[in-house]
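The values are calculated or read from the model by the stated rules, or taken from the named source; none is laboratory data. Worth saying up front: this structure is predicted, and the values here are computed from it rather than measured. All Cβ positions, glycine included, derive from the backbone under ideal geometry; neighbour counts span all protein chains shown.
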Amino acid sequence: MVAQSPWGSDQSQSNVVGRWFRALDQRRIRVGHQDWLLHVTGIFLDRDDNVWIQIADAYAEGGSILLRVSSGTSIDDALNALEKQRLTAPANPIVIVATEMPLAVANLH
């Protein structure tokens, strides 16, 4: 039995990826106390209705954020989740969850 992707066709997947890329890449935001120029370095869709977006700061070397959103997450909710972060160790990847469930943050070590 082959698992069906919640994203449907390849075209549908491409639309999701394109939507998030256009919404986030090269956008200037404030993350905690730092200004970031978002640089989307990768987008992955999983089988559980999650979109994983790897984001780096185009202004600085090192450090990145892995943003997890779901199909029901709005662009504004994702940006609000990013802007609420206080980055203390930019070399450690940070996972920010901005799904329809309550927001959570997990540091990966």
Q: Please indicate, with yes or no, whether at least one residue in segment 30-50 is surrounded by fewer than 16 Cβ atoms within 10 Å (Cβ to Cβ) and in contact with a helix residue (DSSP H, G or I) (Cβ under 7 Å, 6 or more places away or on another chain).
A: yes
Q: Any chance you could count how many residues in segment 37-80 are free of Cβ contacts under 8 Å to residues at least 40 places away in the same chain, more than 16 Å from residue 95 (Cα to Cα) and of a type in the set (A, V, I, L, M, F, W, C)?
A: 3
Q. Hey, among 89, 60, which residue is assigned to a loop (DSSP other than H, G, I, E, B), of a type outside the set (S, T, N, Q) and modelled with pLDDT under 75?
A. 89
Q: Determine whether segment 29-45 contains at least one residue that is at pLDDT below 85, more than 15 Å from residue 81 (Cβ to Cβ) and among the aromatic types (Phe, Trp, Tyr).
A: no
Q.
Here are the criteria: (1) loosely packed, with under 14 Cβ neighbours inside 10 Å; (2) in a loop (DSSP other than H, G, I, E, B); (3) modelled with pLDDT of 80 or more; (4) of a type in the set (Ser, Thr, Tyr). Tell me which single one residue 73 does not satisfy.
A. (1)
